[in-house]
Amino acid sequence: MPSSLNRAWTKGLAIALVILATVSCSFSTLFGPTPTAEIREVEVTRQVEVTRQVEVTRIVEIPVTVVVPVGSSAPPIDLAGIWYNPSTHSRTTIIWEHDQFRVISVVDTDDGDVYPVLESDWNGTRIRWTYYVPSTDYTVTFTMTSLVGDSLHCDWFNDHDRSGTRIMERQEY
């Protein structure tokens, strides 16, 4: 009797293994391979619905990176605009872009010469910029010391051992 039980047990175990193997193979055939995570950039997260011919519907969630444009914040002070330097007869244009102030041009109002801006730096409270004057071969650096209404107070120095202070007047925004 024990040998017939062993045979029945072995036979049942073999049948169970065949059934499990069939089910596991059929599982991937029915439901497809396990999706791997793929990160793509899209504007919004969404679900994609896929219908198979055997009328089996599966919902696949695709992980994505959401790209959200970040708008610039408001400037902390009213510094953007065109500033006139009465001592040098020049106009300096300051803009607010990408959350920082930047000097984009310095122009001589007497002859229209454009002085190349070599550097512009905003540290969160003060702006500093450097430009080159081709006619004199000077490099001049201005550093804002204060802003009082429409008057921009600055210290300046050049590469020929000169320095001083200037008050620039706002001409336009």
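Name the residue, out of Asp99, Asp121, Asp108, Asp155, that is within 18 Å of Glu172 (Cβ to Cβ), surrounded by 12 or more Cβ atoms within 10 Å (Cβ to Cβ) and not β-branched (Val, Ile, Thr).
Asp108
Quick one: would you say Thr88 is assigned to a strand (DSSP E or B), among the polar types (S, T, N, Q) and surrounded by 15 or more Cβ atoms within 10 Å (Cβ to Cβ)?
no
Quick one: how many residues across the stretch 107-156 are more than 17 Å from Ala80 (Cβ to Cβ) and either assigned to a strand (DSSP E or B) or in contact (Cβ under 8 Å) with a residue 60 or more places away in the chain (or both)?
Of the residues in the stretch 107-156, 17 are more than 17 Å from Ala80 (Cβ to Cβ) and either assigned to a strand (DSSP E or B) or in contact (Cβ under 8 Å) with a residue 60 or more places away in the chain (or both).
Show the residue pairs that are 6+ apart or on different chains and have beta-carbon atoms under 6 Å apart, the first residue being within the stretch 160-173 and hydrophobic (A, V, I, L, M, F, W, C), the second being at pLDDT 95 or above.
Within 6 Å, the pairs are Ile167/Ser151; Ile167/His153; Met168/Trp83; Met168/Asn85; Met168/Leu152.
The values are calculated or read from the model by the stated rules, or taken from the named source; none is laboratory data. Not measured: the values here are computed from a predicted model. No Cβ is skipped: glycine too gets one built from the backbone with ideal geometry, and neighbour counts run over all protein chains shown.
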